[in-house]
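Enquirer: Let me give you the structure first, and then I'll get to my questions.
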Amino acid sequence: MKAEDAWGARWANCAHPLSHEFMRIACDKESLVVLAADLPTIGGIMQLIEDVGDHVCALKTHVDMVEEFNMEDWGRVVESARAKGMLLFEDRKFADIGRVAQTQMGGLYDIRSWADLVTSHSVSGPDVVDGLAAAWEDVERVGGVLLLAQMSSSGNLLEEPYTESTLEIGRASPHVMGYIGNGSSGSELKMLRSKVGEGRMIWTPGVNLSAEEGVLGQRYGHPAEAVLSGSDAIIVGSGIHKSEDPISAAREYASSSWGALLER
Ligand code: S5P
């Protein structure tokens, strides 16, 4: 299916090049799944990419949870994700002043050199986004930022006025590809979509086909409901990597999210 037909107004109105890249991959794979590969070893992540990469559009990582991290082995992860046609998305949740965020994009993990997308909080103000963009510029790469406008964890402090200020920061920067929204709540998502409009993506964690609650305060909603409420990508971790059959699970999340997009 052609991306502009599947995505409609979103295709026409999103300006960030990586949003189009994502929408194209989603159409190729018939899936809106972003894989949260929350595993502590490079071998485990590699295996997961091999197993489910065909049904997943982006690999979301937390590099700082990987034991014995080194750039050489990480290069293999990056290579195999790219070979499977996935975007690389480091969920670093930056939150510092601009200059420090720019420096943190380098360092041991050298996120700027391989990540296409990163998450950032907006709590420190708009300069954090400029710092991240400057870091990609330093290595002559283009990247996109997803700002946390909502969270899925219970009792989080991202209330409506904070969400609105976050959207203001996002609107002012071409580097902000979109926002993280709360996938566990259809009503919160509809509200977020109405404020965001068509020009930015909303990606949502907090989705699971079977569980309603995760460990340590994680909340879950149904992936199809999230997409029907305005989400453009479902971020799935445990639902896939903790499943007894990750391949079938990835297929189910793919078809549930893709079906909901076509319905939308
Ligand atoms: O509000 C949020 C934002 C994020 S990015 N809630 C989240 O759970 N996440 C991330 O999504 C979290 O860091 C984890 O990697 C993933 C959810 O994993 P799951 O196992 O609950 O599906």
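The values are calculated or read from the model by the stated rules, or taken from the named source; none is laboratory data. Model, not experiment: these values are computed from the prediction. Counting neighbours? That spans all protein chains shown, and the Cβs are built from the backbone with ideal geometry, glycine included. Ligands, DNA and RNA are excluded from the accessible area calculation, which covers all protein heavy atoms including side chains. Shrake-Rupley method; radii C 1.70, N 1.55, O 1.52, S 1.80 Å.
Enquirer: Work out how much length Met71 to Lys195 would gain on full extension: take 0.36 nm times their residue separation and subtract the Cα-Cα distance, in nm to one decimal.
Expert: Working it through step by step, the gained length comes to 40.7 nm.
Enquirer: Between Thr41 and Leu216, take the C-beta separation as r, use R0 = 30 Å, and let me know the FRET efficiency to the nearest 0.05. Before the final figure, lay out the partial values.
Expert: On the way: r = 21 Å, r/R0 = 0.71.
In this case the efficiency is close to 0.90.
Enquirer: Which FRET efficiency value, to the nearest 0.05, do you get for Ser153 and Lys2 by plugging their Cβ-Cβ distance into 1/(1 + (r/R0)^6) with R0 = 30 Å? Intermediate values should be presented prior to the final figure.
Expert: Values: r = 37 Å, r/R0 = 1.24.
E between Ser153 and Lys2, to the nearest 0.05, is 0.20.
Enquirer: Shifting gears a bit: Step through the table entries Lys29/Lys195; Lys2/Lys195; Lys2/Lys84; Lys29/Lys242, compare each Cα-Cα distance with 24 Å, and write down the pairs that go over it. Could you put the intermediate results ahead of the total?
Expert: Numbers: Lys29/Lys195 29 Å; Lys2/Lys195 27 Å; Lys2/Lys84 20 Å; Lys29/Lys242 22 Å.
Listed pairs above 24 Å: Lys29/Lys195; Lys2/Lys195.
Enquirer: On to the next question. Taking only protein heavy atoms into account and a 1.4 Å probe, give the accessible area per residue of the chain in Å². Mind showing how you got there, number by number?
Expert: Numbers: 11230 Å² over 264 residues.
Heavy-atom SASA per residue in the chain reads 43 Å².
Enquirer: Next question. Using 0.36 nm times the number of residues separating Ala9 and Val139, minus their current alpha carbon distance, what extension gain do you get? Show your work: numbers first, answer last.
Expert: Working: separation 130, 0.36 × 130 = 46.80 nm, distance 3.26 nm.
Value of the extension gain: 43.5 nm.
Enquirer: Tell me the Kirkwood hydrodynamic radius of the chain in angstroms, computed as one over the mean inverse distance between distinct C-alpha pairs.
Expert: 18.1 Å
Enquirer: Also, I was wondering about something else. So, with a 1.4 angstrom probe, what is the percent of accessible area on the chain that is carbon and sulfur?
Expert: Details: 5470 of 11230 Å².
For the chain, the apolar C and S fraction of the accessible surface comes to 49 percent.
Enquirer: Then there is this: Which value, in Å² rounded to 10, gives the accessible area of Asp38 with a 1.4 Å probe and all protein chains present?
Expert: Per-residue accessible area (Asp38): approximately 50 Å².
Enquirer: Related question: Convex hull over the alpha-carbon atoms of segment 1-119: what's its volume per residue in Å³?
Expert: On the way: hull volume 12.3 nm³, N = 119.
For segment 1-119, the hull spanned by Cα atoms encloses 104 Å³ per residue.
Enquirer: Test of understanding: what is the full-extension gain from Ser173 to Ala83, defined as 0.36 nm times their sequence separation minus their Cα-Cα distance?
Expert: Working: separation 90, 0.36 × 90 = 32.40 nm, distance 3.07 nm.
Using 0.36 nm per residue and subtracting the Cα-Cα distance, I get 29.3 nm.
Enquirer: So how exposed is Val52, as accessible area in Å² (1.4 Å probe, rounded to 10)?
Expert: Estimated to the nearest 10 Å², Val52 gives 0 Å².
Enquirer: Which trypsin sites (Lys or Arg not before Pro) does segment 1-74 hold that lie in a coil by DSSP with at most 13 other beta carbons within 10 Å? Mind showing how you got there, number by number?
Expert: Working: sites: Lys2, Arg10, Arg24, Lys29, Lys60; in loops: Lys2.
Passing sites in segment 1-74 are Lys2.
Enquirer: How many angstrom separate the Cα center of segment 48-125 from the Cα center of segment 215-258?
Expert: Computed from Cα coordinates, the inter-centre distance equals 20 Å.
Enquirer: Still on this structure, please answer the following. Report, as a whole number in µm² per second, the diffusion coefficient that Stokes-Einstein gives for segment 117-189 at 25 °C and 0.890 mPa s using the Kirkwood radius over alpha carbon pairs.
Expert: On the way: Rh = 12.7 Å.
The Stokes-Einstein estimate is 193 µm²/s.
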